[in-house]
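Student: Would you mind keeping the following structure in view while I ask a few things?
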């Protein structure tokens, strides 16, 4: 038996909204990001590990709020003081985390199955997020992340790139359907491509 993704029966592929006389490649793309492993890593206050010595999959987590550190397969998002989300396509990431973050100094929690991730890509992605989110996206740069709300739903938004604009939006699995409908509804005005 295989696990169902949060949006498996909801996400539709195709062209939707006001897409007439628009080039398909210019439309906003909305998709569900699948096959990610997500771990929350928390460093205890009593930890004796020097922060500069932490290295996960060749990446040093950032102490700076809103910052994301990354390589090709793994992204480490600052989530709170001494707390990070490790988001990876690397199948052995848990082993890598445990080698660098022992139980004496860190709490490691697998939250992969409790989260849904929606990706918005293309010119105008920022404008869609502005319709339901109070963050000042004019100052939100590539490799930034922040916890916020979208139409009242708690999310973590991460900017993957500036050109083209590309965001990953994380939410609890139970809110995935509502968040998806809010995002796709906000995208109808300019049209979007479900991929």
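Student: Answer with yes or no whether residue 29 is farther than 25 Å from residue 187 by Cα and either assigned by TED's automatic domain parsing to the domain that holds residue 158 or surrounded by fewer than 19 Cβ atoms within 10 Å (Cβ to Cβ) (or both).
Tutor: On the way: farther than 25 Å from residue 187 by Cα: no; either assigned by TED's automatic domain parsing to the domain that holds residue 158 or surrounded by fewer than 19 Cβ atoms within 10 Å (Cβ to Cβ) (or both): yes.
Judged against the criteria, residue 29 is not a match.
Student: Can you tell me which residues in the range 165-193 are in contact with a helix residue (DSSP H, G or I) (Cβ under 8 Å, 6 or more places away or on another chain), over 20 Å from residue 114 (Cα atoms) and surrounded by fewer than 18 Cβ atoms within 10 Å (Cβ to Cβ)?
Tutor: 166
Student: What are the residues in the range 10-45 that are free of Cβ contacts under 8 Å to residues at least 12 places away in the same chain and within 14 Å of residue 102 (Cβ to Cβ), if any?
Tutor: Residues satisfying the conditions do not exist here.
Student: Moving to a separate point now. For a quick check of your reading: which strands (runs of 3 or more DSSP E) sit entirely within the range 107-195 and have at least 2 residues that are in contact with a strand residue (DSSP E or B) (Cβ under 9 Å, 6 or more places away or on another chain) and under 18 Å from residue 26 (Cβ atoms)? Explain how you work it out, then say what you get.
Tutor: Numbers: elements: 115-121, 145-150, 153-161, 166-172, 192-194.
Counting at least 2 such residues, we get 115-121, 166-172, 192-194.
Student: Here's another thing I want to ask about it. Against the condition in a strand (DSSP E or B) and within 19 Å of the chain's Cα centre (by Cα), how does residue 7 come out, does it pass? Step through it out loud before you land on a result.
Tutor: Values: in a strand (DSSP E or B): no; within 19 Å of the chain's Cα centre (by Cα): yes.
Answer is no for this residue.
Student: Another one. What tally of residues in the range 74-88 results from selecting those that are modelled with pLDDT of 95 or more and in a loop (DSSP other than H, G, I, E, B)?
Tutor: Of the residues in the range 74-88, 0 are modelled with pLDDT of 95 or more and in a loop (DSSP other than H, G, I, E, B).
Student: When residues of the range 152-183 are filtered for being more than 17 Å from the chain's Cα centre (by Cα) and at pLDDT 95 or above, how many remain?
Tutor: Residues of the range 152-183 that are more than 17 Å from the chain's Cα centre (by Cα), as a first pass: 152, 163, 181.
This time we only want the ones that are at pLDDT 95 or above, so: 152, 181.
Number of matching residues: 2.
Student: Still on this structure, please answer the following. With the requirement that a residue be touching a strand residue (DSSP E or B) at 6+ places or on another chain (Cβ under 7 Å) and surrounded by 16 or more Cβ atoms within 10 Å (Cβ to Cβ), what does the range 1-26 give you? Show your work before the answer.
Tutor: Narrowing the range 1-26 to residues touching a strand residue (DSSP E or B) at 6+ places or on another chain (Cβ under 7 Å): 5-7, 11-17, 24.
Matches in the range 1-26: 5, 6, 7, 11, 16, 17.
Student: It is to be established whether one or more residues within the range 43-60 are assigned to a strand (DSSP E or B), closer than 30 Å to residue 188 by Cα and out of contact with any helix residue (DSSP H, G or I) (no Cβ under 6 Å at 6 or more places or on another chain).
Tutor: Taking the range 43-60 as the starting set, the residues that turn out to be assigned to a strand (DSSP E or B) are 43, 56, 59.
In the following step, the residues that additionally are closer than 30 Å to residue 188 by Cα were identified as none.
No, that holds for no residue.
Student: So for the range 86-107 (the condition being under 28 Å from residue 193 (Cβ atoms), surrounded by 16 or more Cβ atoms within 10 Å (Cβ to Cβ) and not assigned by TED's automatic domain parsing to the domain that holds residue 188), does at least one residue qualify? Walk me through it before giving the result.
Tutor: Kept after step one, since they are under 28 Å from residue 193 (Cβ atoms), are these residues of the range 86-107: 87-89.
The next check asks that each one be surrounded by 16 or more Cβ atoms within 10 Å (Cβ to Cβ); those that pass are 87-88.
Now narrow it down to the ones that are not assigned by TED's automatic domain parsing to the domain that holds residue 188: 87-88.
Yes - at least one qualifying residue is present in the range 86-107.
Student: Which residues, counting only those in the range 64-85, are touching a helix residue (DSSP H, G or I) at 6+ places or on another chain (Cβ under 9 Å) and either within 22 Å of residue 46 (Cβ to Cβ) or surrounded by fewer than 16 Cβ atoms within 10 Å (Cβ to Cβ) (or both)?
Tutor: The initial filter retains those residues of the range 64-85 that are touching a helix residue (DSSP H, G or I) at 6+ places or on another chain (Cβ under 9 Å), namely 73-74, 82.
Residues satisfying the conditions are 73, 82.
The values are calculated or read from the model by the stated rules, or taken from the named source; none is laboratory data. Remember, predicted model here, so these are calculated numbers, not experimental data. Neighbour counts are summed over all protein chains in view; Cβ atoms, including those assigned to glycine, are modelled from backbone coordinates with ideal geometry.
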